[in-house]
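The values are calculated or read from the model by the stated rules, or taken from the named source; none is laboratory data. All values reported here derive from a predicted model rather than from experimental measurement. We place every Cβ from the backbone using ideal geometry, glycine too, and count neighbours over all the protein chains shown.
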Amino acid sequence: MSLRTRYITVTAGLVFLVALAISVGAYSIATNQLENQVTQSLNNRATQVLKAFDNPRFNFDDVFGRGPLNRALVEPETDSITQLVSGDGTIIKRVDYPTLPVTPEDLAMSDGTQRTYYSTISVEGREFRMLTVAAPGGGLIQVAKGTQILVDAQQGMRIWFPLFATLAVLIAAGAGWLFARRISKPIETLAATAESIAVTKNLDSNIDVVGTDEVAQLGRSFNTMLTALRESTERQRRLVQDASHELRTPLTSLRANAELLERAVLSDEDRNAILKDMKAEVDELTELSQELSALATDQRASEATQEIDLLDVVTEVTERAMRRAHVPITLHATADTHVFARPSQLDRAISNLIDNAVKFNNGDTPIEVHIGARRVEVRDHGPGIPDADKPHIFERFYRATSTRSMPGSGLGLAIVAQFAEDHGATAYVLDNAGGGAIVGIQFPMVA
């Protein structure tokens, strides 16, 4: 069942239940009101007749004389009948009105066992509600009022209320269909776009978004996702192209050296030199593959962030670098060194910063590593970085003209920049006042 069908079904069902509840309630209230009006009319009529018995001039045998009872009996009535039953069973009423039935329950009241009695009777095919009251001094007062208006009202409600409920359901279903169509159409467009992208692999399609509701927000989120996918795909494409270009040089060199080794007239000195070059090329390829793997892997999915003390990580990386490169490194720490990061990714980024400084540092001058204020920066005392190259040093495979003859893949600082982007941090480069360069990472405020 589609979303549109479910929405229409639920809407129509709810409206039907509401209309049914309203109809039942209105039927009950209207019936009670009409019954109360009939009962009140009977009570008022009986009270009017009873007042005639309290008059000193009352004469039961002369009810059609000039006394007040006569006026009560002969007064015109609408849908009402009034009659008296004397103690001996004589019925006194208007001759042009039908006679009301006298039941055993009515006669029992003349013995004083009960003062009032309500009943429903049928007279000449019409339904009446009758009130029987014991008259003072014996006898009965019977007052009946036709309930045809109640019957007609009930019959009308039984006809019109179902029609009203049906009409309400149809209107609700139609309105629900229009609303559901308006809601579901963007979702259907979103689904169609997603299916088209899955088939064609074309990420250039966007959804036209209008409005500010949740569905529009979904469309904007989908467009944002497409933009991120396009950027990711473009980065991967450039990474593959750049990697292919960078791999071509060491592979060509390896092939050339392998062809030289095939020659039988090489001296031992030449052969050893060629083997040394080939080992260096293999090491360069190994380093390049590792760095490419680090750039291509999404560390955000494989490792969770945690609170880390930069002092601990930098101390370990610095000691490891000094053992490997035999270069003096000094560590300077101030307060506020705790950050949130992924441990392995942080270790790799700091290692690349230090390795980059080791590569360009001059002589035995110590490399300085400063941490504090949620920042880590490495200062070398090498030739520095020209201003023209500073905007590009964090790009993949970028190497300044003056450093292209030096070993390296041009990916170390790109990995640092990727780490900074993944953690909401900032990678930066500055000139060192004593000569050389300062490359660092500024972390955001701790949440």
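Odds and ends about this structure:
- Count of residues meeting criterion [within 30 Å of Leu14 (Cβ to Cβ), part of a helix (DSSP H, G or I) and at pLDDT below 80] in the stretch 193-217: 3
- Residue satisfying all of: in the stretch 147-160; in a helix (DSSP H, G or I) and touching a residue at least 40 places away in the same chain (Cβ under 8 Å); farthest from the chain's Cα centre (by Cα) among these: Gln148
- Restricted to the stretch 378-396, and to residues there that are of a type in the set (D, E, K, R) and surrounded by 19 or more Cβ atoms within 10 Å (Cβ to Cβ), the residue that is farthest from Gly440 (Cα to Cα) is Arg396.
Per-residue answers, yes or no, for (1) surrounded by fewer than 17 Cβ atoms within 10 Å (Cβ to Cβ); (2) part of a strand (DSSP E or B); (3) within 60 Å of the chain's Cα centre (by Cα); (4) not assigned by TED's automatic domain parsing to the domain that holds Ala26:
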site	(1), (2), (3), (4)
Leu131	no, yes, no, no
Lys145	no, yes, no, no
Pro162	yes, no, yes, yes
Ala165	no, no, yes, yes
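- Contacts under 7 angstrom Cβ, first residue in the stretch 28-40 being touching a residue at least 12 places away in the same chain (Cβ under 8 Å), partner of a type in the set (Ser, Thr, Tyr), 6 or more apart: Val38/Thr147
- Verdict on Lys201 being in the same structural domain as Val15 (by TED's automatic domain parsing), among the charged types (D, E, K, R) and more than 26 Å from the chain's Cα centre (by Cα): no
- Residues located in the stretch 410-447, provided they are in contact with a Leu (Cβ under 9 Å, 6 or more places away or on another chain) and part of a loop (DSSP other than H, G, I, E, B): Leu411, His423, Phe443
- Whichever residue in the stretch 11-45 is among the hydrophobic types (A, V, I, L, M, F, W, C) and touching a strand residue (DSSP E or B) at 6+ places or on another chain (Cβ under 6 Å) and, among such residues, is surrounded by the most Cβ atoms within 10 Å (Cβ to Cβ): Leu42
- Filter pass, Ala191 being surrounded by fewer than 17 Cβ atoms within 10 Å (Cβ to Cβ) and under 20 Å from the mean Cα position of the chain (by Cα): yes
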